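Read the figures in this text as sums done on the coordinates, not as results from a lab. Not measured: the values here are computed from a predicted model. Here Cβ is always computed from backbone atoms with ideal geometry, including for glycine, and neighbour counts include all displayed protein chains.
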Amino acid sequence: MRSGFNRSRTRVLATIGIAAAFLTAACGSSSSGANQASAPGVTATSVTIGSTQPLTGPAAAGYSEIAPAANAYFKYVNAHGGVNHRTINYTYLDDGYNPTNTATQTKKLVLQDNVFAIFGALGTPTHLAVVNYINSEKIPDLFVASGCNCWNDVSKYPETFGWQPDYTIEGKILGQYINQNFAGKKVGFFAQGPNDEFGTDGILGVTDELQNGDVTLLPTPQYYTPTAAGAMAVGTAIAALQAAGAQVIVSFSVPLFTAVALASAAGLNYHPTFVVSNVGSDPATLTGILTGGALGTKLPGALIDGIVTDSYLPLASDSTNPWISLFQGIKNTYAPSLPWDGNVLYGMAEAYTFVQALKAAGQNPTRASIVAAVQNGKWTDGPGLAPYGYSSSNHLGFLGVQMAIIGTDGAATTAGPVQVTTDNASSAITTYTGTPSTPPTSGIPSD
Amino acid sequence: MRSLLRRSTLLRHGLFFLALAAILGALTWFVFDPFTEYNVAGVAIYAISAAGLTVLTGLNGQVSLGHGALMMIGAYTTSVLLQWHPDLPLILMLFASIATTGVAGAIIGIAGARLRGPYLAGATLSLAVALPQVPTHFASLFGGNQGISVPTPVPPDALAAVTPQQWFTWICLAAAVITFFLLANLVRSATGRRLQMVRDNEVAARLAGVDVARTQVLAFVISAICAGLAGSLFAYWITLTSPTGFTLTLSLSLLTVVVIGGLGSLTGAVLGSFIIVYLPVWTGGFASSANLPSNVANNVPLAIYGIVLIAAILVFPRGIAGGVASISRAVATTFRSRRQTSTLPASPAPPAQ
């Protein structure tokens, strides 16, 4: 009898035990409890993300600093406890700005390195080669480092998100500035292309605005191909703009090609006002290319004086800004060999946004949860000057920029307020009234 | 049986390549993971193109710095046709690319047959530089800088268990095995000997009744056909055909494959392709993992590539295939002489020369 009671008690206890185990398991997968390997690339102690970057090749000047800068920010976060006690492992591979290499390296990241997400993959032509594949594999494709409108296509690319303002938004605001400040002048285009979304989207935005203004738009844009052979043809393109009498050149170009265009114009004794897209106008990068002899001879850094451009982050040269001092401090500790310029700022600010997204994705993030987190991510507490456009129907990053002019000291100063708009031609440009944020004291986004 | 094999090159090669195809097919099915499948397809594609180039340069003595441009013709043939009719079967695309590239090869070959050494290299070099500009200027047809997306080939319904990656790897391996089978026979044929004769001494070849110019054009066409086939597969492999994928770098990489592998050696073309595909895979991670200043770390993979090239050429001046052959010959000689000394201890030393 006693033994019988014991046996049945044991059975009851066992049943309770099993039920409790099930309950714990059920709870663990949803909220509190231990860290789990909740998704590919996510273990209890780490998150692995990957990227393709132009570490060498025609776009390397300046852009090769972006991934090491982002990695420096991740190292800083890792050294301060990581995100939910997970360290971020950032693997970035060189594609030389060549779509063929991007395809191969992305396969490596996905199939061999088993990354949780692609983060900050750089370049319009390069990323277009892999965006279908990344989406078909249902891998979050966060914050493509390119302003192509193409990343904002939720039905076609549900996993892909832009980050920087797209080139049409940027172009519209640049165009408005040209209308206001260069009335009656002849405006010509120098752009990456043709049929490169970087150039065409930007030209589209500027043209939309210039139609409302009092400037003469030269009908034929001059294009360059981002290769070594393309660099040799820039002189001809600039000479054509000179012959057509362009007084303002709107340039949608990567830094090396902006520098070649500036040098070509100077060589022709031609002094138009250059209005350069943010991606091709970082003063420190341009000065480095011109004065460092990368174009064959050492050229004066003064060639960048008077460039009109824009920014969606605080200016890298503004050391009084708390974001700049935070990121510059992190750079000095975790990547002391990097210079301090707009590219490094870009990499760190983008990494900051990724940490915001990863925190918002929950204690045990999944690929679906981080995509949802970004779609709900109306973060205004980051380093950006303008708000994000993210929603379930919109994968657009920053919605606006602030105009800036490069002065004789080689540093940019802002001109006017932050302006926001959408990439729809008919939508108006408005002044953004939000207050600039300050970073948390820890330097890591709070929950 | 043995004597039959020795007599018939066709039978010997046929059996060898059938066995090779079976082994590679089985490896793809049972052993390889998806990333290996992807890379093996890449090795096969580079090997097809390099095999054509090694016949042209190694066997016939014509240097081409423009084989990337020929691959580009093949890739664009496939991509433009697929842009119009996405449902066209892959096999048709391969033959269409072979046809267009073959015609292009004949035209270049006719021009090239008048040129020698550095002049031929210069002419083909200009092709490699100029051709990538064409899609930019005829953007509506060729998709401009942005390029043309290429759909991934899907396996037929009967092979539902096969992944698209495995299916494509099989296609590439099959194409490579067939190409190598045909080229291996060509090398051993009368045509192959004519190619070598023209390379070694044009005057002697002409005296022996060989039409030098025709032989040279033929070599160019054969080699262009290989490049076209590889280019078509390349378009499917990358899934995007854009001018930036066919820069001078590609042409030089192909030449690198041929030289590292061993000029004129078909085995060498495979070994060289293996290196060119796998080296970036092995070294790519250094940039982000190496604890070095980023301006150094970013260039580490390129530096390793350069060092491997220099080392390979210093250690194996006749290419890896040549190196392997001379090592195995040395081993065989040592082995044979040791056996001879053991069985015939009393044999007199050969007279000093």
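Taking a ≥ b ≥ c as the square roots of the eigenvalues of the Cα gyration tensor, segment B:106-146 is prolate, since a/c reaches 1.5 or more and a/b is larger than b/c.
Here A:Lys186 is the anchor, and the lysines within straight C-alpha reach of less than 27 Å, apart from those fewer than 8 places off in the same chain, are A:Lys172. Here the 3J(HN,Hα) profile of segment B:47-55, calculated from phi with Karplus coefficients 6.51, -1.76 and 1.60 at θ = phi - 60°, is 5, 4, 5, 5, 4, x, 5, 6, 5 Hz, Gly and Pro shown as x.
Evaluate the relative contact order of chain A (contact order divided by residue number), counting alpha-carbon pairs under 8 angstrom at least 6 apart; express in whole percent.
16 percent
Taking every C-alpha pair closer than 8 Å and separated by at least 6 residues, the mean separation divided by the residue count of segment A:168-311 gives a relative contact order of 23 percent. Expressed in nm to one decimal, what extension gain is obtained for the pair A:Thr220 and A:Leu295 from 0.36 nm per residue of sequence separation less their Cα-Cα distance? Here the segment from A:Thr220 to A:Leu295 would lengthen by 24.3 nm.
Counting only other chains, and only Cβ atoms inside 10 Å, what mean value do you get across the residues of A:134-146?
0
From its DSSP helices (H runs of at least four residues, each -39,500 (n - 2.57)), chain B gives a residue-normalised ellipticity at 222 nm of -24000 deg cm²/dmol. Summarising the amide proton neighbourhood of A:Ala121: residues at separation of 5 or more, or on other chains, whose placed amide H is nearer than 5 Å comprise A:Thr52, A:Ala145.
For segment A:49-90, averaging the sequence separation of C-alpha pairs within contact (under 8 Å, six or more residues apart) and dividing by the residue count gives a relative contact order of 38 percent. Annotation: extensible slack from B:Asn295 through B:Leu115 equals 60.5 nm (criterion: 0.36 nm per residue apart, minus Cα-Cα distance).
Roughly what angle does helix A:167-181 make with the longest principal axis of chain A, taking Cα atoms, 0 to 90 degrees, to the nearest 10? Between the helix axis and the principal axis of chain A, the angle is about 40 degrees.
For A:Lys359, go through the aspartates and glutamates and keep the ones whose alpha-carbon is under 19 Å away, minus same-chain ones fewer than eight residues off. List returned: A:Asp141, A:Glu159, A:Glu350, A:Asp381, A:Asp447.
Tell me the mean residue ellipticity at 222 nm calculated for chain A from its helices only (DSSP H runs of n ≥ 4, each -39500 (n - 2.57), averaged over every residue, nearest 500).
-12000 deg cm²/dmol
Judged by the gyration tensor of its Cα atoms, with axes a ≥ b ≥ c, segment B:2-246 is oblate; a/c meets the 1.5 cut and b/c is at least as large as a/b. Starting from the Cα gyration tensor of chain A, take the square roots of the eigenvalues, sort them a ≥ b ≥ c, and report rounded, prolate or oblate (rounded when a/c is under 1.5, otherwise prolate if a/b is larger than b/c, else oblate). Prolate. Across segment A:140-156, computed HN-Hα scalar couplings (Karplus, 6.51 cos²θ - 1.76 cosθ + 1.60, θ = phi - 60°) run x, 10, 8, 6, 4, 7, 6, x, 5, 5, 4, 6, 9, 9, 4, 6, 8 Hz from first to last residue, x flagging Gly and Pro. What lysines could a cross-link reach from A:Lys156, if we take a straight Cα to Cα line under 17 Å and drop same-chain neighbours fewer than 8 places away? Here the lysines satisfying the reach criterion relative to A:Lys156 are A:Lys138. With R₀ set to 30 Å, the beta-carbon distance separating B:Leu20 from B:Val331 gives a calculated FRET efficiency near 0.80.
Karplus-based coupling profile of segment A:380-393, in residue order and whole Hz: 10, 9, x, x, x, 7, 10, x, 7, x, 4, 7, 5, 10, with θ = phi - 60° in 6.51 cos²θ - 1.76 cosθ + 1.60 and x standing for Gly or Pro.
The modelled label-to-label distance between B:Ala204 and A:Asn114, using points 7 Å beyond Cα along the C-beta direction, is 6.0 nm. The mean count of C-beta atoms from other chains within 10 Å of the C-beta of residues in B:235-248, rounded to a whole number, is 6. Label separation (B:Ser3 vs A:Ser391): 8.7 nm, computed from points 7 Å beyond Cα along the C-beta direction.
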